[in-house]
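Chemist: After the structure tokens below, expect a handful of questions from me.
Quick note: the coordinates plus some simple rules give every number you see, no bench work behind them. Since this is a predicted model, take the numbers as computed values, not measurements. Backbone-built Cβ (ideal geometry, glycine too); neighbour counts: all protein chains shown.
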């Protein structure tokens, strides 16, 4: 039973999906940025989300399935470090395209996407960092991804202007911190990673994303 639950959690919190969770959380936080955004463009929510699903989840997932069918990787979970490298390169291409399209839309929407844009840029830098680490060493992408989501969202709530519902923000951040522990446990329990690989993922993901988003860095 625990094994099945752990595998289910690993799927739900797969690194591909966390960018969607970040979108759903951020754009449902009551902040002045979001209020002005939806006032200026009330129908923008679902088009942006649909594009994010296609570019950051659907196309990368299809690419991985094609590689698996053609035996370029032995498993969709990519347990071997060397198998992850070509996949990471493709993910970088998709994510870079996603980031620059959002960057263009930010300019057309009076820069009201800027706080979230720093999150996307942080995600791009995290992906590059994990790719470099993977060249020599195996690190938990699940741990890095969920920790990056948590660190980025905590920083987003700190920089979002005029946050209204503080109890809502506290709930989101508390759940994300809890999910770090749950996801990390499942990776160790399933023997997908050793403890130090998971801990390293947590440190890298949280630290990098928190700093980038808190400082609102993007280019």
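Chemist: Among 171, 130, which comes first, then next, by fewest other beta-carbon atoms within 10 Å?
Modeler: By the 10 Å Cβ count, ascending: 171, 130.
Chemist: Okay, helix-only estimate at 222 nm for the chain: each DSSP H run of n ≥ 4 adds -39500 (n - 2.57), divide by all residues, round to 500 deg cm²/dmol; what do you get?
Modeler: -24500 deg cm²/dmol
Chemist: Relative contact order for the chain using alpha-carbon pairs under 8 Å, separation at least 6, rounded to a whole percent?
Modeler: Rounded, it is 31 percent for the chain.
Chemist: May I ask for log10 I(q)/I(0) of the stretch 129-219 at q = 0.18, 0.19, 0.26 Å⁻¹, from a Debye sum over the Cα atoms as equal point scatterers with solvent left out?
Modeler: -0.79, -0.85, -1.22
Chemist: Per q in 0.18 Å⁻¹, report the Debye log10 I(q)/I(0) for the chain, using one uniform scatterer on each alpha carbon and no solvent.
Modeler: Log-scaled intensity ratios, in q order: -1.36.
Chemist: Angle check, please: helix 2-12 long axis (alpha carbons) against the longest principal axis of the chain (alpha carbons), in degrees 0 to 90, nearest 10.
Modeler: Tilt of helix 2-12: around 50 degrees.
Chemist: Something else about it: How far is helix 81-108 tilted off the main Cα axis of the chain, in degrees rounded to 10, range 0 to 90?
Modeler: Once rounded, one gets 10 degrees.
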